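What follows is one structure encoded as structure tokens, with my remarks underneath.
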Amino acid sequence: MASSAAPVASPRSIRSWLSNPFQYLAGGGALAAGIVLMVGAGLLGSLSNSHFDGVLDFHTGAPAPRWLFLAEGLVDWVALCLPLWLGGLLLSKRKFRALDLVGTQALARFPTLVPAALALLPGYQRYGLYLQARILRVGPTVDLATGDAVVFGFVTLAMLVAVVWMVVLMYRAFALSCNVQGARAIGVFSAALLVGEVASKLTIGALLKAAV
């Protein structure tokens, strides 16, 4: 009998939604919500030229067609789902639904909204252009406003926190959807994350060449 990562009853606090939304949403619902949120993050990224150019990567600077910003999050999601699905088949002693896996993995990417939104801050943008001009010798000289360096540091820290948060959610989604846990599950998840990162970087790199 196929198992399902169906939501379970739990107090619907903001904290529980942010730390484990899969208690309330899985399968098709999680998939729909996750795709909407990924597209939203891509649209926000396009406004600041910020790219999700890898499962765990976020970089600001390079202009590109809007379709590329939208495609990047979807590529990252698929690139991780495939090795996780294979890992689930290898580890799980019970059948699981691929829909639950892909749906919860899509929803697990919602922390990408944080860096996508924060990258719009003028202070972050100015200091990023300043660093490009100062270090990489790319672009015009930028006049900084008071506090731009602080804003840039805050946004960078928030981005790192968002990545850690997302990885935790990805693991919880994998463990719940595939009915696995323990050291072997962590090892398989880590290997899948590495494979997904490499695959996403290669795919997005090819898309970027096509877009230029």
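The values are calculated or read from the model by the stated rules, or taken from the named source; none is laboratory data. Model, not experiment: these values are computed from the prediction. With ideal geometry, Cβ positions are generated from the backbone for all residues, glycine too; neighbour counts draw on all protein chains shown.
For segment 151-168, the tally of residues that are over 16 Å from Phe58 (Cβ atoms) and either buried (at least 18 other Cβ atoms within 10 Å of the Cβ) or at pLDDT below 95 (or both) stands at 1. Considered as a group, the residues in segment 115-141 that are farther than 30 Å from Leu37 by Cβ and among the aliphatic types (A, V, I, L, M) include one that is modelled with the lowest pLDDT, and that residue is Val138.
Take the conditions (1) in a helix (DSSP H, G or I); (2) over 17 Å from Gly61 (Cα atoms); (3) not hydroxyl-bearing (Ser, Thr, Tyr); Gly123 misses just one of them, which is (2). Note on segment 52-73: residues that are under 12 Å from the mean Cα position of the chain (by Cα) and either free of Cβ contacts under 8 Å to residues at least 24 places away in the same chain or surrounded by fewer than 16 Cβ atoms within 10 Å (Cβ to Cβ) (or both) amount to 1.
Residues are listed down the side, and each one gets a yes or a no for (1) assigned to a helix (DSSP H, G or I); (2) touching a residue at least 12 places away in the same chain (Cβ under 8 Å); (3) under 22 Å from Leu120 (Cβ atoms):
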site	(1), (2), (3)
Ile135	yes, no, no
Thr146	no, no, yes
Ala162	yes, yes, yes
Tyr171	yes, yes, no
Leu176	yes, yes, no
Arg184	yes, yes, no
Phe189	yes, yes, no
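Looking only at segment 26-69, count how many residues are assigned to a loop (DSSP other than H, G, I, E, B) and aromatic (Phe, Trp, Tyr).
Matching residues across segment 26-69 total 2.
Quick check on segment 76-119: of everything there that is among the hydroxyl-bearing types (Ser, Thr, Tyr) and out of contact with any Cys (no Cβ under 8 Å at 6 or more places or on another chain), which residue is nearest to Leu157 (Cα to Cα)? Taking the candidates together, the pick is Thr112.
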